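Down below is the structure, laid out as structure tokens.
The values are calculated or read from the model by the stated rules, or taken from the named source; none is laboratory data. Model, not experiment: these values are computed from the prediction. Note: ideal-geometry Cβ built from the backbone for every residue, glycine included; neighbour counts use all protein chains shown.
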Amino acid sequence: MRKLLATLITSTVLFSPVAVSAATVFPLDRATILVSSPFDVKVEFDGVVAEGDVSVTVNGQPAAEVLGKSFTFIEKEDGVDASAVRINEVTLPSPGTYTVVAKAGSEEKTVTWEVYGTPEAPVAKNVIFLVADGLSVAHRTAARIMSKGMSEGKANGRLNMDDLDYAAFIGTSSTESVATDSANTMSAYMTGHKTAVNALGVYADRTADPMDDPKVETLAEALRRQTGKSVGVVTTSELQDATPAAVFAHTRRRAEKAEINNHIFDLKPEVMLGGGSAYFLPQSQPGSKRKDDVDHITLYKEAGYTLATSKSELETAAGTNTGKLLGLFHTGNMDTTLDREFLKKGTVDKFPEQPGLVQMTQTALDVLSRNDDGFVLIVEAANVDKMSHPLDWDRAVVDTIEFDKAIGLAREFAAKNPDTLIVATGDHTHGVSIVGTVNDEKDADSMREKVGTYAEAGFPNYEDKNGDGYPDRIDVSRRLFLAANNGPDHYETFRPKLDGPFVPAIRNEDGKYVANEAYKDVPGAVFVQGNIPTSGDTGVHAVDDVVLQASGPGAEKFKGYMEQSDVYRVIAEALALGAKQTQ
Ligand SMILES: [Zn+2]
């Protein structure tokens, strides 16, 4: 041990010959940047420095010469006792390696960026990017078994995702933490830059203002800059929630949802279907979550959008619209498939006319495909994550089945339009596994003893007699047993939650989350000791890799292990987003 430590110390000394405190340079070291894509550059020094002492070079030349703009010097950053320099919206028009050296006084920092080009001609006209938030291997396996069944150890059918041609393992860690959230993970997919937890379309700087962080370009912005393609977003969450927001937004803090809604309007995607109407309404209207009088629904109508607020309005809008469609079906997040279609729980009594992900995806494809230049459609199944947090596995898995049906629509579209790249993935994983079954018929005196593991597990007895792809009921007598490897104190009931989504823990007077006593008296419930801090009310994201799958032109570039930010480059190459503009 001591020897190892000595080696480490020696090697550290070798790599930093002078004892200097290091500045931070954004974009960070090893950033990969699409050629000609605008981004902000910022250098944060650790202390207050004199303007005359600052030098920033790029490949040995003064930065201003290479970047075409001069840095603004900030002697003391807001709320920080230290200096910074910044240039907004620079572009690098030639691919290559760029070594940036920032110096001031005793501080010095070197970072290297790789600027990549793309082929001049695209191989794909359309991209359908489907992401199930939190999608883990257990969700997929459970969706296959629940939907298709299994006999003698072989699946009785295949999911749509099972037949996509290429696959890769995706590393999801954020720039400041091995663990991650849906903001920086989706932002990495949508910008090609990894960033910090809670950040969207920016590198997270040290100032308190969540809207001033150094920006990078999003896929939607690159499409507007380089192509005439349409952009569509479909989600079962609020449209301003982290995953859909990553398509447009630039903020350090994903919670800035009213501001994010403004960013969406700046970009005006042709199709937007989901929840989150509260951020479209002026503050004077009941249910509004805005702090101003801007009426976004009127703004969209004036911009030529057709508005749909229910299943039937969406159906009508699909046939009659102008190529611009805004569908808002919930003030907040939309209900799960299980609640919406089968149990009528959650908030379905208040929002009975919510369309599902399948109808929304089909409508989006119908509308977007009218653009001869093609389109990029982002589809998010949000509830896989939103139900995995509270350990409500049945809801998470049924929404995975619905997600797979949306992949089916994408595959049908691609069969008729082979110039379509399909990417299907999660953004991060959850700590969940299938460990066997719960067998009500087993002769045992407690629910725990009715859990079947190894040979005792046998096969579950879900049925799909009506052939809709969903199990006719989830509370069958032998059902899959999924368990989390982390979570708050809670009661395990070994049963589907038929009365509404599971609430495993509630906050006590000390502000700590404790097991929700409402489940204590469910026959056979057992107390499960939590293993995460008591400030957490639900299970947390896992650091495990995500599985990404893809089909269509360009998909063969997905293989092996890739960083989440590398996915953007494959899409950019397929669409030739680095091609030289002729006008
Ligand atoms: Zn989550």
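Only one of the listed residues (471, 523, 460, 496) is more than 26 Å from residue 337 (Cβ to Cβ) and more than 16 Å from the ligand (Cβ to nearest atom). That residue is 523.
Only one of the numbered conditions (1) small (Gly, Ala, Ser); (2) away from the ligand (no atom under 16 Å from the Cβ); (3) closer than 18 Å to residue 24 by Cβ is not met by residue 177, and that is (2). For residue 187, state whether it is within 16 Å of the ligand (Cβ to nearest atom) and in contact with a Gly (Cβ under 7 Å, 6 or more places away or on another chain). So residue 187 passes the test. Restricting segment 129-173 to residues that are over 16 Å from the mean Cα position of the chain (by Cα) and over 30 Å from residue 455 (Cβ atoms), which is surrounded by the most Cβ atoms within 10 Å (Cβ to Cβ)? Result: 164. Residue 259 meets each of the listed conditions (1) more than 25 Å from residue 572 (Cβ to Cβ); (2) within 16 Å of the ligand (Cβ to nearest atom) apart from (2). Per the conditions (1) part of a strand (DSSP E or B); (2) surrounded by fewer than 20 Cβ atoms within 10 Å (Cβ to Cβ), the sole criterion not satisfied by residue 326 is (2). Within segment 381-392, residues that are over 11 Å from residue 427 (Cβ atoms) reach partners that are in a strand (DSSP E or B) and within 9 Å of the ligand (Cβ to nearest atom) with beta carbons closer than 9 Å, at six or more positions or on different chains, in the pairs 388/430; 388/541; 389/430; 389/541.
For the subset of segment 437-460 comprising residues that are farther than 15 Å from residue 479 by Cβ and of a type in the set (Asp, Glu), which member is modelled with the highest pLDDT? If we take residues in segment 437-460 being farther than 15 Å from residue 479 by Cβ and of a type in the set (Asp, Glu), then 449 is modelled with the highest pLDDT. Per the conditions (1) within 16 Å of the ligand (Cβ to nearest atom); (2) over 25 Å from residue 229 (Cβ atoms), the sole criterion not satisfied by residue 434 is (1).
Within segment 527-559, the set of residues being among the hydrophobic types (A, V, I, L, M, F, W, C), surrounded by fewer than 21 Cβ atoms within 10 Å (Cβ to Cβ) and under 14 Å from residue 426 (Cα atoms) comprises 543, 547. Checking each residue of segment 503-514 against the condition of being touching a residue at least 40 places away in the same chain (Cβ under 8 Å), buried (at least 17 other Cβ atoms within 10 Å of the Cβ) and closer than 30 Å to residue 130 by Cα gives at least one match.
Restricting the first member to segment 129-148 and to residues that are within 15 Å of the ligand (Cβ to nearest atom) and modelled with pLDDT of 95 or more, and the second to residues that are of a type in the set (D, E, K, R) and part of a helix (DSSP H, G or I), the beta-carbon pairs closer than 6 Å and six or more apart or on different chains are 133/385; 134/385.
Can you spot a residue in segment 173-180 that is in contact with a helix residue (DSSP H, G or I) (Cβ under 8 Å, 6 or more places away or on another chain), not hydroxyl-bearing (Ser, Thr, Tyr) and not in a strand (DSSP E or B)?
No; the residues of segment 173-180 include none that is in contact with a helix residue (DSSP H, G or I) (Cβ under 8 Å, 6 or more places away or on another chain), not hydroxyl-bearing (Ser, Thr, Tyr) and not in a strand (DSSP E or B).
Among the residues of segment 155-181, those identified as of a type outside the set (A, V, I, L, M, F, W, C) and closer than 22 Å to residue 405 by Cβ are 156, 157, 158, 160, 162, 163, 165, 166. The listed residues are 406, 410, 424, 396, and the only one of them that is crowded, with 16+ Cβ neighbours inside 10 Å, among the small types (Gly, Ala, Ser) and within 16 Å of the ligand (Cβ to nearest atom) turns out to be 396.
Do we find a residue being out of contact with any Phe, Trp or Tyr (no Cβ under 9 Å at 6 or more places or on another chain), in a helix (DSSP H, G or I) and within 24 Å of residue 392 (Cα to Cα) anywhere in segment 342-353?
yes
Segment 515-583 holds strands (runs of 3 or more DSSP E) entirely within its bounds, and those carrying 3 or more residues that are at pLDDT 95 or above and over 30 Å from residue 93 (Cα atoms) map to 526-528, 546-551.
Screening segment 393-508 for strands (runs of 3 or more DSSP E) wholly inside it with 1 or more residues that are hydroxyl-bearing (Ser, Thr, Tyr) returns the ranges 420-426, 432-439, 490-492. Candidates in segment 354-392 are the residues that are hydroxyl-bearing (Ser, Thr, Tyr) and surrounded by 24 or more Cβ atoms within 10 Å (Cβ to Cβ); of these, the one that is farthest from the ligand (Cβ to nearest atom) is 363.
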